[in-house]
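First up is the structure itself, then whatever we jot down about it.
The values are calculated or read from the model by the stated rules, or taken from the named source; none is laboratory data. Keep in mind that what you see is a predicted model, and the values were worked out from it rather than measured. Note: ideal-geometry Cβ built from the backbone for every residue, glycine included; neighbour counts use all protein chains shown.
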Amino acid sequence: MSYLNQRSKPALDHERSEVLQQLEDWLEMPMLVLGFAWLGLFIVELVWGLNPLLEAIAAIIWIGSAIVSLRLVGFPSGVEFDRTQPLTLITSMGQTLTAKDISSEISQDTPTPANVAEYDIKSVLPQLQAEIPLHLTLPMVTGSPIELQIPSTAIQEWQKISAR
């Protein structure tokens with residue numbers, strides 16, 4: 001039985017990769033359109049501000065976010081997040097905050113892939129100063145943690161979404 005499982009694992013991995021590729025292909029255009037719509041709204045808001053109609057459109061894009069989470073997806077078989085550790089957020093002023101991993105809540109039916117991590121950042125957003133950039137420290141199973149710099153404009157947008 002072990003031999004069969006070892007032989008079928010590459011086939012299963014190949015099939016999983018094909019399904020993920022099909023899903024990515026299917027979602028690519030809608031996500032691209034949504035991304036450009038959001039970017040356009042963001043630029044309009046920065047330059048002129050939003051009228052009530054555009055504010056409603058922006059709200060529709062973000063509808064359904066009872067929690068504000070940050071989902072990170074690394075390259076399959078290249079990144080493995082350590083989901084036993086929280087996400088560490090460090091401001092440029094030295095303030096350290098943590099966000100709980102909620103990856104297990106992504107899907108109740110299937111386990112979350114090792115290259116995907118999701119963190120609940122809603123509770124830490126009010127503690128951040130929007131004008132101060134942020135450093136994220138992503139815990140990895142092997143190797144050093146990954147450091148990401150987040151600009152203050154992204155923090156401002158996260159806080160605005162969280163307030164809705």
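Return yes when ILE57 is out of contact with any Leu (no Cβ under 9 Å at 6 or more places or on another chain), assigned to a helix (DSSP H, G or I), outside the structural domain of GLU157 (by TED's automatic domain parsing) and hydrophobic (A, V, I, L, M, F, W, C) and no when it is not. Let's see the steps before the verdict.
Working: out of contact with any Leu (no Cβ under 9 Å at 6 or more places or on another chain): no; assigned to a helix (DSSP H, G or I): yes; outside the structural domain of GLU157 (by TED's automatic domain parsing): yes; hydrophobic (A, V, I, L, M, F, W, C): yes.
No: the conditions fail for ILE57.
For GLN108, the criteria (1) modelled with pLDDT under 85; (2) under 16 Å from the mean Cα position of the chain (by Cα) hold in every case but one, which is (2). Within segment 121-153, the set of residues being surrounded by 14 or more Cβ atoms within 10 Å (Cβ to Cβ) and over 18 Å from THR96 (Cα atoms) comprises just one member, MET140.
If you go through segment 129-156, how many residues are part of a loop (DSSP other than H, G, I, E, B) and touching a strand residue (DSSP E or B) at 6+ places or on another chain (Cβ under 6 Å)?
Restricting attention to segment 129-156, the residues satisfying the condition of being part of a loop (DSSP other than H, G, I, E, B) are 129-133, 139, 141-145, 151.
With touching a strand residue (DSSP E or B) at 6+ places or on another chain (Cβ under 6 Å) added as a condition, the list becomes 132, 145.
Counting residues in segment 129-156 that are part of a loop (DSSP other than H, G, I, E, B) and touching a strand residue (DSSP E or B) at 6+ places or on another chain (Cβ under 6 Å) gives 2.
Consider LEU89 carefully, then state whether it is over 23 Å from VAL19 (Cβ atoms), outside the structural domain of VAL19 (by TED's automatic domain parsing) and within 17 Å of the chain's Cα centre (by Cα). Spelling it out, LEU89 is indeed over 23 Å from VAL19 (Cβ atoms), outside the structural domain of VAL19 (by TED's automatic domain parsing) and within 17 Å of the chain's Cα centre (by Cα).
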